[in-house]
Amino acid sequence: MSRQRLPYHAPDISALAKSLARQLDDSPERPGHVELLNLLARAVGFRNYQALRASHEAASRLARGAEPETVVDFRRVEQWRRYFDESGLLQRWPKKHSHREACLWVLWSRLPARQRWSEKEINQRLQGQECLGDHLLLRRALIDGGWLARADDGSEYRRIERRPPAELGALLSFLPVGA
């Protein structure tokens, strides 16, 4: 018999600990494996482990074909948010490559898909997204990183479609929409 892995999420770890402590205090003896599973399930609001498992299986059936759930590191998102001002403009260029990449994802996401721009137009678009005063650095980084394609003669630029990381969605949710 193969084991099915069930993701477990507790929205409040303190409430989880209190619930487990309360349930363990009520137990006359040390709980076995199945009872521990039931304690964990009850601590997050399910009747028992079987109800938790049934809920997970139903969610899996409903989400068939959907993207697998990914974990977002909100600590990193918070760090990246600091590179943008209150209006969502890039205000400083990160020293760390991974932080630069996050900022470039934001700039890329604000460029409309399936459009082409002249050098002047792409410069204007980038100038509208930053207040650090170096849109040429940003344009070059977008090209070098594979977010933008440029015609050999520099006459035309277009966005290269890529699948953004899950953390980009989280970062964008903390930035103003109109930026």
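The values are calculated or read from the model by the stated rules, or taken from the named source; none is laboratory data. None of the values given here were measured: they were computed from a predicted structure. Positions of Cβ are generated from backbone atoms using ideal geometry, with glycine treated the same way; all protein chains shown enter the neighbour counts. Accessible surface areas use protein heavy atoms only, side chains included; no ligands, DNA or RNA. Shrake-Rupley method; radii C 1.70, N 1.55, O 1.52, S 1.80 Å.
Observations on the model:
- Calculated accessible area for the chain comes out at 68 Å² per residue, all protein chains present (probe 1.4 Å; ligands, DNA, RNA ignored).
- For residue 160, the amide hydrogen comes within under 5 Å of the amide hydrogens of 148, 149, counting only partners 5 or more places away or on other chains and with H modelled in the peptide plane.
- Expressed as a whole percent, the accessible area of the chain that falls on carbon and sulfur atoms is 50 (1.4 Å probe).
- Using θ = phi - 60° and Karplus 6.51 cos²θ - 1.76 cosθ + 1.60, couplings along the range 71-88 (whole Hz; Gly, Pro as x): 8, 9, 8, 5, 5, 5, 4, 4, 5, 5, 4, 5, 7, 10, 7, 5, 9, x
- Cα pair count fraction exceeding 20 Å, expressed as % - the range 103-160: 10 percent
- Residue-by-residue Karplus 3J(HN,Hα) for the range 13-27, coefficients 6.51, -1.76, 1.60, Hz, glycine and proline x: 5, 5, 5, 4, 4, 4, 5, 4, 4, 4, 5, 5, 4, 6, 7
- Residues whose amide H comes within less than 5 Å of that of residue 130, counting only those at least five positions distant or on another chain, are 90 (H built at 1.01 Å from N in the peptide plane).
- Backbone HN-Hα couplings from phi across the range 143-157 [Karplus 6.51/-1.76/1.60, Hz, Gly and Pro as x]: 6, 4, x, x, 8, 10, 10, 10, 5, 4, 8, x, 7, 9, 10
- For the range 70-121, the fraction of alpha-carbon pairs in successive 5 Å shells from zero, as %: 4, 16, 24, 22, 16, 11, 4, 2
- Gyration tensor verdict on the range 80-176 (Cα atoms; rounded if a/c is under 1.5, prolate if a/b is larger than b/c, oblate otherwise): prolate
- For residue 84, the amide hydrogen comes within under 5 Å of the amide hydrogens of 91, counting only partners 5 or more places away or on other chains and with H modelled in the peptide plane.
- Sparsely packed trypsin sites (Lys or Arg not before Pro) within the range 113-152, loop by DSSP, other Cβ within 10 Å at most 11: 114
- The Rg/Rh ratio for the chain, using Cα coordinates for both the radius of gyration and the Kirkwood hydrodynamic radius, is 1.18.
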